[in-house]
Amino acid sequence: VLQIVKESQQQHGLRHGDFQRYRGYCSRRLRRLRKTLNFKMGNRHKFTGKKVTEEILSDNRYLLLILMDAERAWSYAMQLKQEANTEPRKRFHLLSRLRKAVKHAEELERLCESNRVDAKTKLEAQAYMAYLTGMLRFEHQEWKAAMEAFNKCKTIYEKLANAFTEEQAVLYNQRVEEISPNIRYCAYNIGDQSAMNELMQMRLRSGGTEGLLAEKLEALITQTRAKQAATMSEVEWRGRTVPVKIDKVRIFLLGLADNEAAIAQAENEETKERLFESLLSECRDAIQAVREELKPDQKQREHSLENDSGKVSNIQYLHSYLTYIKLSTAIKRNESMAQSLQKALLQQQRSDEDGKRSPRPQDLIRLYDIILQNLVELTQLPGLEEDKNFQKEIGLKTLVYKAYRCFFIAQSYVLVKKWSEALVLYERVLKYAREVQSGAGAHRNSLKELPDVQDLITQVNAEKYSLQAAAILDANDPHETESPSQVKDGKPLSERFETFCLDPSLVSKQVSLVHFPPGFQPIPCKPLFFDLALNHVAFPPLEDKVEQKAKSGLTGYIKGIFGFKS
């Protein structure tokens, strides 16, 4: 049962969450099965209901009829669940279709009790029935009954996974993983407070995977936070307490610490990147909700600004706080990407051997440019212009990231052998680093999360010595001094066969072999022909022919009309 269901779902829309396409497939397959088995429900004029009984179970396709009926009802319910977010009335239809799916699953379980059905199919039919029952109870918010049904389903699938080979057990284990978040959510609603932490761990273990399991985990975590958010009424940031009245903002702020902890525990870069994107997406939604509250309150906010002598309103300060979270998260994400690129730069020789595109210092420069732009936006947040400590912290962070950007600009100059420019930039890096060290007295706690400047100073000093050595070797290289004078004339290879020189451009992509397109050359023009004999030619007389034409006048015209020929 499970294998048939999963293969059908993956091949007909559920890989992309398209339940409507899968429902259409189930309807078409039902029609084909009824036609093949000659099990039609009457004709086009009259409906005659038929039921599958144990007596006619001569073909396993009769069981497939019941299974497709249940799948069609279930897929329609899931389609309505997606649409119910914007149209709440569709929830009643959703519950009706789930009840229909459970009814078909009960019929399937009853038919599978026949002696003609093997033990494996009987167990799978019981698990399928328990799964759909659990889904129905879950939507009715009958948590205890739903949890019992899901646990029964989980137990059957775990036993089936242990009874068969590893290849067959994969399918059963996947279904167990799908059910586990629902079980933990039911346990949380019954009263198990540890279930929320387990849901977070499940999301973390899912890694960078996409699809229904990841979506289900996100939805369950959001529902759990929505219940907890009812008790949250205010938030404190930089010494000011702000009331939080918007539900979407409450849910986001409640899950902020959990999301940051999940990012810190992420095992690989893909998982970390996915969690960063999820957090930024939630933050944008919360900011949008605050903006919608700000629009109708524009005049009131301006009035409060006048009365409070420049102090921004609570809703505006909340907007600044959420914007600060968004920009700080973007900075952390870009810094994480920069660290992974730096590791890749150290292993550049291996990546060259693999034939892949190796990272360049220019990629890191772009990331640090974006970070510096985010820091500039942080200094312009409303309500924080007078906060000197905040401005000082941002100024120190800006110096740190400027130092790193300057370092990688110098690295890019080293690659093209511009030694003097690179040396000047290394000195600029040391200048920024010393400014950070001198001004970081009272703000060391805020700089803990930033890269260590002392490591950068040590690295720059080492790079300076290697750069000076490379510059001296480059200046003493005879090939490097001779070849430019021979190649600077710009002659292509075809014009300097007699002169030998080591030209590195011959093995590059821009090779100068010949002048192309070739230059213009003078050629003899096409001779002109003058017909001088024409003036001395005597043409034959034509008077006799001209007179005949003149004589033909009106008579010839009339003959021509009536078709007479002369």
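The values are calculated or read from the model by the stated rules, or taken from the named source; none is laboratory data. Just so you know, these numbers come straight off a predicted model, no measurement behind them. Here the Cβ is made from the backbone with ideal geometry for all residues, glycine too, and neighbour counts use every protein chain on show. Side chains included, ligands, DNA and RNA excluded: accessible areas come from the protein's heavy atoms. Shrake-Rupley method; radii C 1.70, N 1.55, O 1.52, S 1.80 Å.
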**Report entry** Gain on full stretching of the segment that runs from residue 236 to residue 85 - 0.36 nm per residue minus C-alpha separation
**Finding:** 51.2 nm
Query raised in the report: Taking the stretch 1-41, which chymotrypsin sites (Phe, Trp or Tyr not before Pro) meet the DSSP loop condition and have no more than 16 other C-beta atoms within 10 Å?
Result: 39
Report task. State the extension gain, in nm to one decimal, for the chain segment bounded by residue 516 and residue 473, taking 0.36 nm per residue of separation less the distance between their alpha-carbons. Result -> 11.8 nm
Requested in this report: Would you grab the residues whose amide H sits under 5 Å from the one on residue 235? Only those 5+ places off in sequence or on another chain, please, with H modelled 1.01 Å from N.
Outcome: 242, 244
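As a test of reading the structure, rank 379, 323 by solvent-accessible area (1.4 Å probe, protein chains only), most first.
The residues order as 379, 323, largest area first.
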Report task. Could you order 377, 107, 55 by accessible surface area, starting with the largest, using a probe radius of 1.4 Å? Result -> 55, 377, 107
Requested in this report: Take each of the peptides 151-160, 530-539, 135-144, average the number of other beta-carbon atoms within 10 Å over its residues, and list them starting from the highest.
Outcome: 151-160, 135-144, 530-539
Requested in this report: Kindly rank 386-398, 111-123, 504-516 from highest to lowest mean number of other beta carbons found within 10 Å of each residue.
Outcome: 386-398, 111-123, 504-516
Report task. Can you check what the net charge comes to around residue 139, using other residues whose Cβ is under 11 Å from the Cβ of residue 139 (Lys, Arg +1; Asp, Glu -1)? Result -> +4
Report summary line: On the formula 1/(1 + (r/R0)^6), with r taken between the Cβ atoms of residue 121 and residue 145 and R0 of 25 Å, the FRET efficiency rounded to 0.05 is 0.45
**Report entry** Accessible-area order (highest first, 1.4 angstrom probe) of the listed residues 8, 340
**Finding:** 340, 8
Query raised in the report: Along the stretch 166-179, what does the Karplus equation 6.51 cos²θ - 1.76 cosθ + 1.60 (θ = phi - 60°) give for ³J(HN,Hα), rounded to whole Hz, x for Gly and Pro?
Result: 4, 4, 6, 6, 4, 5, 5, 5, 5, 5, 4, 5, 5, 7
**Report entry** Contour minus Cα-Cα distance for residue 295 and residue 544 (0.36 nm per residue)
**Finding:** 79.4 nm
